[in-house]
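The values are calculated or read from the model by the stated rules, or taken from the named source; none is laboratory data. From a predicted model like this one, the values you see are computed outputs, not experimental measurements. Don't worry about glycine lacking a Cβ; one is built from the backbone with ideal geometry, like all the others, and counts go over all protein chains shown.
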Amino acid sequence: MKSLVSLSAHSALPPRSGQLAAAGTLAGIALPHVHAAGSDQVNVALIGCGGRGGGAASNAMNQSGPPRLVAMADVFEHRLKTSYDTLKRKHKDQVDVTDDRKFIGFDAYKGAMDCLKKGDVAIFTTPLAFRWVHFKYAIEKGLNVFMEKPLTADGPTSRRMLALAAEASKKNLKVGVGLKSRHSRALQELHKRIQDGEIGDITMLRGYRMQGPIGSAFSTKWPGQPGELMWQISRFHSFLWASGGGFSDFCIHHVDHLCWMKNAWPVKAQAVGARTYRTSPDGAPYVDQNFDSYAVEYTFADGAKMYMNGRNMLGAEPVYCSFAHGTKGMAIVSKQGDCGRPSSTYRSQNPANESLLWKSKEAKDGPDDPFLNEWAALMDAIRNDKPFNEAASGVYASAVTSMGRYAAHTGQEVTFDEFLNHEHEYAPGADKFTFDSPAPVQADPDGKYPAPQPGIKTKREY
Ligand SMILES: NC(=O)c1ccc[n+]([C@@H]2O[C@H](COP(=O)([O-])OP(=O)(O)OC[C@H]3O[C@@H](n4cnc5c(N)ncnc54)[C@H](O)[C@@H]3O)[C@@H](O)[C@H]2O)c1
């Protein structure tokens, strides 16, 4: 693999929250003033009207101002309608989406963003395959963005998104990414404590997202309708091109916040992974591209390790939490879930009460909803013209997670440089898809999609 982008250029944490924008200022680039403090009405457009899209739009409308939802886009009319009805019930006065501002199709994103003015916010909550397409258009139009994780699944789109992230900063656009752990008050305080040396130098990190089958990770054969592309989109966790698969979609929060605690991204990964069960409980063959178990060992430049275990298996023990270990003690990072309170630190390697150093306050002591906090940070940056761009960091978190999945799927150790500079693009031409386009992966005569074969397919995931 050719080294087009070297990790050495990015080996520390990439600039977060607008340092790139600050660099733009220093370079003498004129930065447009976006919104006078507290004055202008901010409008938002929702692109991808599913579960998280409805949540993100609602989080936006719960901010002070308050922002209004003025346009919606989806590839499925029924998804847009359900989302509109729910949001209208909840936020009657702030949802102002007339029928001519509801757009259906693969170019619907353009219609929705065309309804916004400079300084408004476009929300991207489709599966990740379309992030770069939508982000590129938002930057052209000078729009701020909130986009959900993950941002990329492969090397070529990761490089493209890093370039777009830099472009957004040059234009002083504000960009939020749904890696919500970074906006949990408990994790923010833990991060500070770890940086201040409370548990010493970080030598090991551990994340566990082990649960039953969730989302659309496991699929039985395409039933013949809707069209194959549309069916794959509606079952996006099953397909690496659409989502990065279950490992990327489900484990990225832990990978991201553990790297944040360490203040570094890993330089390489090796992994084991397998699919134990290949039929549904009623015996129908599964045809998707996922394994049901992943155990990834990441290595940082200083030799420290990060272990990320992912499992989707009925009946196996559920574990959903994360830990950091240092030379002077340990921390519970997420007690339960993606970033669930309380976080805590200990002077030993066991989380025993007698060695407790600090425990974050319980939720009753004040609201700590990272979904709301991340919007508060974005809106504050917009209204007060503060530098804020989480896109590059979001790409790194996405690529690091994908590097672990890639290591499991190929059975090879892979460096970050190799992953980032790999030439296999999983959804080429995603900007030109139409309802009739062929799906990016095609089934064999048995209806099965190309699955990873570690040790046999070693240069590509499938
Ligand atoms: N931050 C979090 O904790 C969190 C939680 C859930 C989901 N997510 C992320 O949000 C994204 C969406 O997940 P979801 O659970 O809402 O899925 P979903 O299937 O409920 O919603 C996705 C929507 O996007 C639409 N869509 C697909 N392709 C489109 C395109 N090209 N243009 C316009 N619309 C398109 C779909 O029809 C669907 O309505 C995923 O990336 C997921 O990882 C993040």
Reported set for segment 428-462 where residues are surrounded by fewer than 17 Cβ atoms within 10 Å (Cβ to Cβ) and β-branched (Val, Ile, Thr) is Thr434, Ile456, Thr458
Residue under evaluation Tyr286, criteria (1) within 16 Å of the ligand (Cβ to nearest atom); (2) in contact with a Phe, Trp or Tyr (Cβ under 6 Å, 6 or more places away or on another chain), criterion not met: (1)
Out of (1) modelled with pLDDT of 95 or more; (2) assigned by TED's automatic domain parsing to the domain that holds Gly245, what's the single condition that is false for Ala377? (2)
Residue hits (segment 85-101; part of a helix (DSSP H, G or I), under 14 Å from Cys115 (Cβ atoms) and within 16 Å of the ligand (Cβ to nearest atom)) are Arg101
Scanning segment 165-180 for residues that are farther than 19 Å from Ala57 by Cα and not in a loop (DSSP other than H, G, I, E, B), which turns out farthest from the ligand (Cβ to nearest atom)? Lys170
Segment 106-164, residues that are away from the ligand (no atom under 15 Å from the Cβ) and assigned to a strand (DSSP E or B): Val121, Asn144
Quick check on my filter: what residues within segment 73-93 are buried (at least 22 other Cβ atoms within 10 Å of the Cβ) and either over 18 Å from Phe124 (Cβ atoms) or free of Cβ contacts under 8 Å to residues at least 12 places away in the same chain (or both)? none
Of (1) over 24 Å from Gly394 (Cα atoms); (2) touching a strand residue (DSSP E or B) at 6+ places or on another chain (Cβ under 9 Å), Ile202 satisfies all except one. Which? (1)
Cβ pairs under 6 Å, 6+ apart or interchain, first in segment 47-72 and more than 12 Å from the ligand (Cβ to nearest atom), second among the polar types (S, T, N, Q), ordered by first then second residue, are Met61/Gln94; Pro66/Gln94; Arg68/Asn43; Arg68/Gln94; Val70/Asn43
Odd one out for Ile233, checked against (1) in contact (Cβ under 8 Å) with a residue 24 or more places away in the chain; (2) part of a loop (DSSP other than H, G, I, E, B): (2)
Of the residues that make up segment 406-427, is at least one at pLDDT 95 or above, within 13 Å of the ligand (Cβ to nearest atom) and crowded, with 18+ Cβ neighbours inside 10 Å? yes
Among the strands (runs of 3 or more DSSP E) confined wholly to segment 258-353, which include 3 or more residues that are under 21 Å from Arg209 (Cβ atoms)? 268-274, 293-299, 305-312, 319-326, 329-334
Residue under evaluation Trp222, criteria (1) within 21 Å of Ala397 (Cβ to Cβ); (2) part of a loop (DSSP other than H, G, I, E, B), criterion not met: (1)
Which one of the conditions (1) within 16 Å of the ligand (Cβ to nearest atom); (2) out of contact with any Asp or Glu (no Cβ under 8 Å at 6 or more places or on another chain); (3) not aromatic (Phe, Trp, Tyr); (4) not assigned by TED's automatic domain parsing to the domain that holds Gly55 does Arg341 fail to meet, given that it meets all the rest? (2)
Cross-chain or 6+ apart pairs with Cβ under 6 Å, segment 273-294 first and assigned by TED's automatic domain parsing to the domain that holds Phe247, then surrounded by 13 or more Cβ atoms within 10 Å (Cβ to Cβ) and of a type in the set (Asp, Glu): Arg275/Asp292; Thr276/Asp292
When segment 229-243 is checked residue by residue, the ones that are under 23 Å from Pro156 (Cβ atoms) and either within 11 Å of the ligand (Cβ to nearest atom) or over 19 Å from the mean Cα position of the chain (by Cα) (or both) are Leu229, Gln232, Ile233, Phe236, His237, Ala242, Ser243
Which is of a type outside the set (Lys, Arg) and at pLDDT below 95, of Pro281, Pro226? Pro281
Tell me which residues, restricted to segment 205-232, are among the aromatic types (Phe, Trp, Tyr) and out of contact with any strand residue (DSSP E or B) (no Cβ under 7 Å at 6 or more places or on another chain). Trp222, Trp231
